[in-house]
Amino acid sequence: MNEIIYQKDNLPDRFGAMTVKELRQGLRRGMFMIPFIVIQGMAVLAMAAEFSMGDVESYSKMTGLLNPVLFFNSGPFWSVAGFICIIVMPLGGLALMRQELDEGNHELLLLTPLTRWRVVTGKFVALWGLCLITFFSLLPYMIVRYFIGGIDAWRNIVMALTVVTASGILCAGFIGASSYRTNLGRICMMLLFVFSMILSWLAPMWGSFAQTKVCGVIYHANALAYFVCYTMFGLALARSRIRLVVSQYEVKPSWMVIGLLIFTPLVVSIVTAVTLGFGGFVGLIGMALIAWFADSTPKAPGWMAAPKLNIPAEPPPQLIVPGTTKNQSIERDEDCHIGGNP
């Protein structure tokens, strides 16, 4: 009976060991509980302010995914939702990798069937899941806004998807920054990640919008590629920091990811310019693939046989003459070899 109750109240193992562990801890942390409670009260106040303001949505031609300008002209409700779910909640990721690295737990974890990707993605899914739980708790407020406030349905769908994707990007980035041991290192990596994000957003998004004059297929292809690229950068940075051994002929993997963060805005801008504003997603996907393979340890192909063990041969057996000790027999053998007698 106790086992049935335990299985009913426990998280299923199909989520993964690392995800289940982080969800159990995260649901009890004040970093989740306090914003979850605060956002409910702020949402009520924001809706009351919107009903008293009248028209809260300003017209914008650039109504597309991952457009931060929409948060400033879509009413107080989306400002509150964006601030809590995109900025406050992902900040909890700054403590996720630190607890594994400071205590040396990552060395023990990698002795289990868990790979580095599973460790990092487990933490990411847990943190992103907490952000989504907080955001989906606002669904009743969104329904009330739609039926009473007379808002634009497509605009609010875009805003909801923007909160989901932007929170995922920042969750990955903050987890990657948390893999540095010092506070200065974490702050520097956070600033580098955010600065690279902003620069890489400008060229493909504005380029595609300038060509098509609407947020159509090309714009949203760039937005999805942007989400994949920078989510991969954050996870690759965290993964590279828990690698146990780096060969002398290899470049330090974390340096490679930092280089990608620095040069991605330039590469994406060049690709966007060459394709006349239509192909920024090509550069973003290409940089994401480089981040995926940047930390691949060289391995021998499957058809190559394993090298033979270089074990020294056993010494020849020693003959012990009856009536003598082992040392006397060794001296007798040495005298016989020196004298030339077998």
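No value in this document is a laboratory result; all are computed from the given coordinates. Every value quoted in this text rests on a predicted model; they were computed, and no experiment measured them. Virtual Cβ from ideal backbone geometry, glycine too; neighbours counted across all protein chains shown.
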> Using +1 on the beta carbon of Lys and Arg, -1 on that of Asp and Glu, and nothing else charged, what's the dipole of region 10-293 about the Cα centre, debye to 20?
Replying inline: 480
> Counting other C-beta atoms within 10 Å, which of LEU23, LEU224 has the fewest, and how do the rest follow?
Replying inline: LEU224, LEU23
> What list of ³J(HN,Hα) values in whole Hz, one per residue of region 122-128 in order, does the Karplus curve 6.51 cos²θ - 1.76 cosθ + 1.60 (θ = phi - 60°) give from phi, with Gly and Pro shown as x?
Replying inline: x, 5, 5, 4, 5, 5, 5
>> Taking the number of other C-beta atoms within 10 Å as the exposure measure, put ILE157, ILE175 in order starting with the fewest.
In response: ILE157, ILE175
>> As a footprinting exposure proxy, order VAL217, VAL228 by other Cβ within 10 Å, with the fewest listed first.
In response: VAL217, VAL228
> Sorted by average packing, counted as other Cβ atoms within 10 angstrom per residue and highest first, what order do 277-288, 141-152, 257-268 take?
Replying inline: 277-288, 257-268, 141-152
> What number of lysine-lysine pairs in region 10-293 show an alpha-carbon separation below 30 angstrom, given a sequence spacing of 8 or more or placement on distinct chains?
Replying inline: 4
> Hey, can you rank 196-203, 36-43 by average C-beta count inside 10 Å, highest first?
Replying inline: 196-203, 36-43
> Taking the Cα atoms of region 10-293, what is the range of coordinates along each of the three principal axes, in descending order and whole Å?
Replying inline: 63, 51, 35
> Once Lys and Arg get +1 and Asp and Glu get -1 on their Cβ, which of VAL69, MET190, MET47 lies farthest toward the positive end of the dipole of region 10-293?
Replying inline: MET190
> For region 195-234, what log10 I(q)/I(0) values come out of the Debye formula at q = 0.15, 0.30, 0.31 1/Å, with one point per alpha carbon and no solvent?
Replying inline: -0.33, -0.99, -1.03
